[in-house]
2 protein chains.
Amino acid sequence: MDNLQKCKANYTALTPLTFLMRAAACYANRTSVIHEGTHFTWAQTYERCCRLAFSLRALNVARNDVVSVLAPNIPAMYEMHFAVPMAGAVLNTINTRLDAKNIATILRHSEAKVFFVDYEYVSKAKDALRLLMDNNNNNNNKGVPKPTTINQQNSTFSLPLVIVIDDINTPTGIRLGELEYEQMVHHGNPNYVPEEIQDEWTPIALNYTSGTTSEPKGVVYSHRGAYLSTLSLILGWEMGSEPVYLWTLPMFHCNGWTFTWGLAARGGTNVCLRTTAARDIYSNIVLHNVTHMCCAPIVFNIILEAKQSEKIDIKLKRNSPVEILTGGAPPPASLLEQIESLGFHVTHAYGLTEATGPALVCEWQKEWNMLPKKEQAQLKARQGVSVLTMAGVDVKNLDTMESVPKDGRTMGEIVLKGSGIMMGYFKDHEATSKAFFGSNNSKGDWFRTGDVGVIHPDGYLEIKDRSKDVIISGGENISSVEVESLLYRHPRVLEAAVVAMPHPRWGESPCAFVSLRKNNNNNNSSKKIDHVTEAEIIAYCRKNLPHFMVPKVVKFMEELPKTSTGKIQKFELRVMAKAFMVSENNVQTKNNINKKSSQVSQNSIVGGYNNEQVLALSRL
Amino acid sequence: MDNLQKCKANYTALTPLTFLMRAAACYANRTSVIHEGTHFTWAQTYERCCRLAFSLRALNVARNDVVSVLAPNIPAMYEMHFAVPMAGAVLNTINTRLDAKNIATILRHSEAKVFFVDYEYVSKAKDALRLLMDNNNNNNNKGVPKPTTINQQNSTFSLPLVIVIDDINTPTGIRLGELEYEQMVHHGNPNYVPEEIQDEWTPIALNYTSGTTSEPKGVVYSHRGAYLSTLSLILGWEMGSEPVYLWTLPMFHCNGWTFTWGLAARGGTNVCLRTTAARDIYSNIVLHNVTHMCCAPIVFNIILEAKQSEKIDIKLKRNSPVEILTGGAPPPASLLEQIESLGFHVTHAYGLTEATGPALVCEWQKEWNMLPKKEQAQLKARQGVSVLTMAGVDVKNLDTMESVPKDGRTMGEIVLKGSGIMMGYFKDHEATSKAFFGSNNSKGDWFRTGDVGVIHPDGYLEIKDRSKDVIISGGENISSVEVESLLYRHPRVLEAAVVAMPHPRWGESPCAFVSLRKNNNNNNSSKKIDHVTEAEIIAYCRKNLPHFMVPKVVKFMEELPKTSTGKIQKFELRVMAKAFMVSENNVQTKNNINKKSSQVSQNSIVGGYNNEQVLALSRL
């Protein structure tokens, strides 16, 4: 049987592009994309993507060239997920909350040939390009990758070609260069035949991790990986046909956890959102009969703490709950109960950029429906079981390479393998080989997540911590996540982070940082609490945790410092915690803390819930 | 980015075996298989498969060896879908309704090393082995493939090693050779590590088509194809988690349309059935709370025409309907209405052995719910849209290689491409190259289904006929299926087949063969009809069809001749039709027909509904 040959009929490259072509054929007249007054069908979306791909080719974009984009969740951003690979190129979606310096770093590292910029971000993009140009001039290409230029007539200049995405409904007329997105679509050839993907092991996307401690790393996805992960997520979340999907998760996060491609696979409708303001979420859910949405847990707060005038009773308008897929910090029971009482149903997932988004989903088991709500929340907060196309998930003691017992207690590092894992880090061989490890005889057996977890007797995984966030106190491992989970269950706590603080006797001790919920919005707390003291929080922890896990110090901040993707910056907190230990009662230190805290508040992109659209999972 | 390397962590072979390993890890304690008093969990099923695979290896079964099995839908049959490839071998499930001669042909052609036989089929297997032996002796290996032997000490003998599968609940003690299935499981090593699939383009299964006109052809599936098709079917049918699946479709049909593997992927429960008697279907549905089943339309009749004492009100026992996936002849509206009123919901699919089962599913569109029932049935009877992992489906004029317009009228041949298409026909290069065709410059672009169809304006495909069954009358193409569909809608017609009959003026004319429904069971016919005449049927057709499509002759038979898989043998009917035209009123001819008909009835395996478990789709 080994002599049976592959041919085009029985061996076609796996690529998400087939999802769009199929949608255009099978669901031609169904609504594909909605954004305010704009509606497209799948036939139209396909045609627009063909036109755009043609125009990119006409601009000399070649196979494996990088096309970067800085845009919110708008139709253009959606279309580029297909149009860019249809031109044979690689899509690089940039986190819109990064500053100009970070953006310049990414453009330089990725050697972007084309840079699409939404009109809202033109000023930031200008700054980034200026930095790039300065860098170019100063360094005279010393140590800077020199991309081949897009415009051959201008061959000494390495900046990407910039194309502005103007507001499709009310054009602003803003132009950075000569080209505009809708013009490119307009002038493209609707009969363009997409570049054939000969080899599914070909890059489709390049996503930079936010990098809390180091330079951002460029994670490369293959067509094969993107295709299989897309199927996994539809299956793992049981997203049926004709879903109406609300874009509350940024598309620049792991390509919207693959749902950019997944909506085409299911012939669903994308409801685009420029911001995730409460009013927009409620009104779009009701107006378009939204069935599904993904988001970071922080969006729960946006939904819950909406003004009365913004809230709409979803249960009155819909027969079945809106399905939410969320990840990162497990939502505490009380929060789950509140959000589900509004007409949502929450599924919890875990993943990371390197795994093309969620790698584990907490699949619900029907028998759990009989358990008390609190137990249900505990089960739901676990990270769950591997998605279907993940070939292996394990928790290992990396010293011995042995799997931990399924006891729900023994911690080890979570490792993954499967075709949904990234091809590697772009131009970073060292980081790539570190990520793909194995025993001495077999390198590259597993991908290291850097997360510490346990396996429960029923086979479900639960994350205990980032390996570098584990606190080792008197030889005992303390999961910072476990302490944080308890803090999150306190009715007054809005955000919590626990880090290691040096301790003369125990080596390390837990130190907690919390921000508090505004009391007036907290309608659901049975008892009105006006003040919370450090002592009260410590007493609360003592009541619910083994003593060695109780934070020795609790600090209140107006807001915790975060990265551009909304991850709490623990390294910054560690610096503060170090200072505490040296002189806990020193006024000078306290002042520094306050100063630092307010400074963080200013620099942070987390200005308030109306600006929260980019806050995502702690790891995704 | 091209220098990013594949490693085990990010490029694992796609194989359905990962579904079982995942199920054993994630759904360890869920029920995997039920058969009468026997219950297994996924952990147990995995362990049993490991043991069996170990025992196969211990018997010197080597990589790519063929392991054949002749068994109904019992746990052993299910387990072999994993255990055989876990030993590195290729599973060949044989249609239990074939006669000894056909079975011998398959064993010889496949060069089977091991032959598992259910105790019920021991006598037939003995006959087949005797034929093989005789053939061996007579031909002295002339023209007969000489398989390497399983037992090296016995190296001149090319018969497969036979292993009987005894009744697990009440052993019969029947032995054909020395070995028995449960013994092999018992003596196997539970810690066996499955053979690693290095290359996903490796055979996993070998399925022989029934071959109405020619020798059976051996269709080879790859691990990749089986894996992707499994995902497609779960997605296309929207089979959620924890399904309870009733085995009313033989597992030997395209490996149960991939649901053998699919149930492991979903962590569902397999309810095995030795026969598809009405009593067993009803009682198992209610007892195990069955959610899903696949079957040929003929099973609808079994369900509908059950005795009153066998029927159970499913609607009383279940909140939601039992999902049925069916294929082949589109169920007429009245039949659909009857079956759905009993608490079932029907989805229609189309496929063929070469496409690993269903390649198209008639995905329901919510807006169709508003249409009248009759229109809904018409829409539901269409073959639909391609499953997700099928990379391309088209209807082409094979002379010009152009796609037909999407007008629902222009006929062409249905062609497919995608990784779910077979690797090829085993040891039949000619048939393989014929199946994979293309224009002169690009061979192997598409797989030819041999079915003639149209594309409707909404992108949904509808099959009009097998290409060889199209009737050409006065230059007009007549779809025999279209005429048959009308005949099936007649309240008295149970079975119908329309073939070409030579006609002196028009070249060909339609000739119809029908068998009638027993009047006493037909509770739903509003009017009691005692006799139906040829003239009445013709008048009925005239009222509903263009005149050139109306059968010139209608013949009544007690039962239509069928192949072992339940396909109506049109070539036999064509021979009869030819005789009609020569002398339609000749008594001699009529007598011949009657003789032929009753002879067919005796030879045919279709003895009555209690024996119908193997009747499947016209093409699947």
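The values are calculated or read from the model by the stated rules, or taken from the named source; none is laboratory data. Bear in mind that the values here come from a model prediction, so they are computed numbers and not experimental data. Virtual Cβ from ideal backbone geometry, glycine too; neighbours counted across all protein chains shown.
Given the structure, is A:Tyr78 within 14 Å of chain B (Cβ to nearest Cβ), surrounded by 24 or more Cβ atoms within 10 Å (Cβ to Cβ) and among the aromatic types (Phe, Trp, Tyr)?
Working: within 14 Å of chain B (Cβ to nearest Cβ): no; surrounded by 24 or more Cβ atoms within 10 Å (Cβ to Cβ): yes; among the aromatic types (Phe, Trp, Tyr): yes.
Considered against the rule, which asks whether it is within 14 Å of chain B (Cβ to nearest Cβ), surrounded by 24 or more Cβ atoms within 10 Å (Cβ to Cβ) and among the aromatic types (Phe, Trp, Tyr), A:Tyr78 comes out as no.
Given (1) assigned to a helix (DSSP H, G or I); (2) farther than 26 Å from B:Phe19 by Cα; (3) touching a residue at least 12 places away in the same chain (Cβ under 8 Å); (4) of a type in the set (A, V, I, L, M), where does B:Ala264 come up short, assuming only one miss?
(2)
Have a look at B:Arg48, B:Arg57, B:Arg108 and point out the one that is closer than 29 Å to B:Asn284 by Cβ and among the charged types (D, E, K, R).
Details: B:Arg57 fails: closer than 29 Å to B:Asn284 by Cβ; B:Arg108 fails: closer than 29 Å to B:Asn284 by Cβ.
That would be B:Arg48, the only listed residue that is closer than 29 Å to B:Asn284 by Cβ and among the charged types (D, E, K, R).
Kindly indicate the residue of region A:379-391 that is of a type in the set (S, T, N, Q) and touching a helix residue (DSSP H, G or I) at 6+ places or on another chain (Cβ under 7 Å) and also farthest from A:Ser334 (Cα to Cα) among those meeting that condition.
Within region A:379-391, the subset of a type in the set (S, T, N, Q) is A:383, A:386, A:389.
From what's left, touching a helix residue (DSSP H, G or I) at 6+ places or on another chain (Cβ under 7 Å): A:386, A:389.
Numbers: A:Ser386: 26, A:Thr389: 33 Å.
Among those that are of a type in the set (S, T, N, Q) and touching a helix residue (DSSP H, G or I) at 6+ places or on another chain (Cβ under 7 Å), it is A:Thr389.
Do the conditions hold for B:Lys380, that is, is it under 23 Å from the mean Cα position of the chain (by Cα), over 27 Å from B:Tyr208 (Cβ atoms) and among the charged types (D, E, K, R)? Walk me through it before giving the result.
Numbers: under 23 Å from the mean Cα position of the chain (by Cα): yes; over 27 Å from B:Tyr208 (Cβ atoms): yes; among the charged types (D, E, K, R): yes.
Judged against the criteria, B:Lys380 is a match.
From the list B:Val61, B:Val90, which residue is in contact (Cβ under 8 Å) with a residue 60 or more places away in the chain and surrounded by fewer than 24 Cβ atoms within 10 Å (Cβ to Cβ)?
On the way: B:Val90 fails: surrounded by fewer than 24 Cβ atoms within 10 Å (Cβ to Cβ).
From the options B:Val61, B:Val90, the qualifying one is B:Val61.
Return the only residue of A:Leu486, A:Leu461 being within 29 Å of A:Glu363 (Cβ to Cβ), assigned by TED's automatic domain parsing to the domain that holds A:Lys555 and at pLDDT 85 or above.
Numbers: A:Leu461 fails: assigned by TED's automatic domain parsing to the domain that holds A:Lys555.
After ruling out the rest, the residue left standing is A:Leu486.
Could you check region B:154-196 and list, in sequence order, the residues that are buried (at least 16 other Cβ atoms within 10 Å of the Cβ) and of a type in the set (Phe, Trp, Tyr)?
Residues satisfying the conditions are B:Tyr181, B:Tyr192.
What single numbered condition from (1) at pLDDT 90 or above; (2) under 26 Å from B:Asn207 (Cα atoms); (3) in contact with a Ser or Thr (Cβ under 7 Å, 6 or more places away or on another chain) fails to hold for B:Cys272?
Unmet for B:Cys272, out of (1) at pLDDT 90 or above; (2) under 26 Å from B:Asn207 (Cα atoms); (3) in contact with a Ser or Thr (Cβ under 7 Å, 6 or more places away or on another chain): (3).
Hey, among the residues in region B:387-440 that are polar (S, T, N, Q) and more than 10 Å from chain A (Cβ to nearest Cβ), which one's farthest from A:Leu20 (Cα to Cα)? Give the derivation first.
Here is the first cut: in region B:387-440, the residues polar (S, T, N, Q) are B:389, B:397, B:400, B:403, B:410, B:419, B:432-433, B:439-440.
Retained after the next criterion (residues that are more than 10 Å from chain A (Cβ to nearest Cβ)): B:397, B:400, B:403, B:410, B:439-440.
On the way: B:Asn397: 25, B:Thr400: 27, B:Ser403: 19, B:Thr410: 25, B:Ser439: 25, B:Asn440: 29 Å.
Here the answer is B:Asn440.
It is to be established whether one or more residues within region A:365-373 are more than 12 Å from chain B (Cβ to nearest Cβ), part of a helix (DSSP H, G or I) and at pLDDT below 90.
If we filter region A:365-373 for residues that are more than 12 Å from chain B (Cβ to nearest Cβ), which is where we start, we get A:370-373.
Next, from what is left, pick out any that are part of a helix (DSSP H, G or I): A:370, A:373.
Going one step further and asking which of them are at pLDDT below 90, we end up with A:373.
Yes, that holds for at least one residue.
Residue check, A:Ser232 against (1) in contact with a Pro (Cβ under 7 Å, 6 or more places away or on another chain); (2) of a type in the set (Gly, Ala, Ser); (3) at pLDDT 85 or above, all met but one. Which one?
So the condition that A:Ser232 fails would be (1).
Taking region A:15-31 as the search range and keeping residues that are under 24 Å from the mean Cα position of the chain (by Cα) and not in a helix (DSSP H, G or I), which one is nearest to the other protein chains (Cβ to nearest Cβ)? Lay out the reasoning, then the answer.
As a first pass, look at region A:15-31 and keep what is under 24 Å from the mean Cα position of the chain (by Cα): A:15-17, A:19-20.
In the following step, the residues that additionally are not in a helix (DSSP H, G or I) were identified as A:15-16.
Working: A:Thr15: 9, A:Pro16: 11 Å.
Among those that are under 24 Å from the mean Cα position of the chain (by Cα) and not in a helix (DSSP H, G or I), it is A:Thr15.
Only one of (1) crowded, with 24+ Cβ neighbours inside 10 Å; (2) at the interface with chain B (Cβ under 8 Å from one of its Cβ atoms); (3) more than 26 Å from the chain's Cα centre (by Cα) is not met by A:Leu4, so which one is it?
Among (1) crowded, with 24+ Cβ neighbours inside 10 Å; (2) at the interface with chain B (Cβ under 8 Å from one of its Cβ atoms); (3) more than 26 Å from the chain's Cα centre (by Cα), A:Leu4 violates only (1).
Which condition number in (1) among the aliphatic types (A, V, I, L, M); (2) at the interface with another protein chain (Cβ under 9 Å from one of its Cβ atoms); (3) not in a loop (DSSP other than H, G, I, E, B) is the one that A:Ile34 fails?
(2)
So for region A:254-271 (the condition being under 17 Å from the mean Cα position of the chain (by Cα) and within 17 Å of A:Ile106 (Cα to Cα)), does at least one residue qualify?
yes
What about A:Ser283, is it part of a loop (DSSP other than H, G, I, E, B) and not assigned by TED's automatic domain parsing to the domain that holds A:Val66?
Values: part of a loop (DSSP other than H, G, I, E, B): no; not assigned by TED's automatic domain parsing to the domain that holds A:Val66: yes.
Judged against the criteria, A:Ser283 is not a match.
May I ask you to verify whether A:Ala104 is aliphatic (A, V, I, L, M), in a helix (DSSP H, G or I) and more than 26 Å from A:Thr356 (Cα to Cα)? It would help to see each step written out before you state the result.
Details: aliphatic (A, V, I, L, M): yes; in a helix (DSSP H, G or I): yes; more than 26 Å from A:Thr356 (Cα to Cα): no.
No; evaluated as a whole, the condition is false for this residue.
Could you please give the count of residues in region A:20-53 that are of a type outside the set (Val, Ile, Thr) and crowded, with 23+ Cβ neighbours inside 10 Å?
Filtering region A:20-53 for residues of a type outside the set (Val, Ile, Thr) gives A:20-30, A:32, A:35-37, A:39-40, A:42-44, A:46-53.
Subset that is crowded, with 23+ Cβ neighbours inside 10 Å: A:20, A:22-23, A:27, A:32, A:42, A:46, A:48-50, A:52-53.
Looking only at that region, the number is 12.
Residue under question is B:Gly384, and the condition is that it be farther than 22 Å from B:Pro321 by Cα, of a type outside the set (Ser, Thr, Tyr) and crowded, with 17+ Cβ neighbours inside 10 Å; does it hold?
Numbers: farther than 22 Å from B:Pro321 by Cα: no; of a type outside the set (Ser, Thr, Tyr): yes; crowded, with 17+ Cβ neighbours inside 10 Å: yes.
Answer is no for this residue.
Return a yes/no flag: does region A:230-245 have any residue that is part of a strand (DSSP E or B), within 14 Å of chain B (Cβ to nearest Cβ) and crowded, with 24+ Cβ neighbours inside 10 Å.
no
Look at B:Ser341 and say whether it is more than 11 Å from chain A (Cβ to nearest Cβ), closer than 22 Å to B:Ile314 by Cβ and without any contact (Cβ under 8 Å) to a residue 12 or more places away in the chain.
Details: more than 11 Å from chain A (Cβ to nearest Cβ): yes; closer than 22 Å to B:Ile314 by Cβ: yes; without any contact (Cβ under 8 Å) to a residue 12 or more places away in the chain: yes.
The answer is yes for B:Ser341.
Just give me the residues in region A:113-128 being in contact (Cβ under 8 Å) with a residue 40 or more places away in the chain and crowded, with 17+ Cβ neighbours inside 10 Å, in sequence order.
A:Lys113, A:Val114, A:Phe115, A:Phe116, A:Val117, A:Asp118, A:Tyr119, A:Glu120, A:Tyr121, A:Val122, A:Lys124, A:Ala125
For region B:84-95, indicate whether the set of residues that are part of a loop (DSSP other than H, G, I, E, B) and either over 22 Å from B:Asn207 (Cα atoms) or facing another protein chain (nearest Cβ under 10 Å) (or both) is non-empty.
Of the residues in region B:84-95, the ones part of a loop (DSSP other than H, G, I, E, B) are B:87-89, B:94-95.
If we keep only those that are either over 22 Å from B:Asn207 (Cα atoms) or facing another protein chain (nearest Cβ under 10 Å) (or both) too, we end up with none.
No: zero hits.
Name the single residue that is surrounded by the most Cβ atoms within 10 Å (Cβ to Cβ) among those in region A:559-576 being more than 24 Å from A:Pro72 (Cα to Cα) and not acidic (Asp, Glu). It would help to see each step written out before you state the result.
As a first pass, look at region A:559-576 and keep what is more than 24 Å from A:Pro72 (Cα to Cα): A:559-560, A:570-576.
Subset that is not acidic (Asp, Glu): A:560, A:570-571, A:573-576.
On the way: A:Leu560: 22, A:Lys570: 22, A:Phe571: 14, A:Leu573: 24, A:Arg574: 18, A:Val575: 12, A:Met576: 21.
For region A:559-576, the residue satisfying everything is A:Leu573.
This table checks each residue for (1) modelled with pLDDT under 90; (2) under 30 Å from B:Pro250 (Cβ atoms).
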position: B:Asn522; (1), (2): yes, yes
position: B:Lys528; (1), (2): yes, no
position: B:His531; (1), (2): yes, no
position: B:Ala535; (1), (2): no, no
position: B:Pro551; (1), (2): no, no
position: B:Ser564; (1), (2): yes, yes
position: B:Lys567; (1), (2): yes, yes
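Quick check, is A:Ile324 in the same structural domain as A:Phe436 (by TED's automatic domain parsing), in a helix (DSSP H, G or I), crowded, with 19+ Cβ neighbours inside 10 Å and at pLDDT 90 or above?
Working: in the same structural domain as A:Phe436 (by TED's automatic domain parsing): yes; in a helix (DSSP H, G or I): no; crowded, with 19+ Cβ neighbours inside 10 Å: yes; at pLDDT 90 or above: yes.
No: the conditions fail for A:Ile324.
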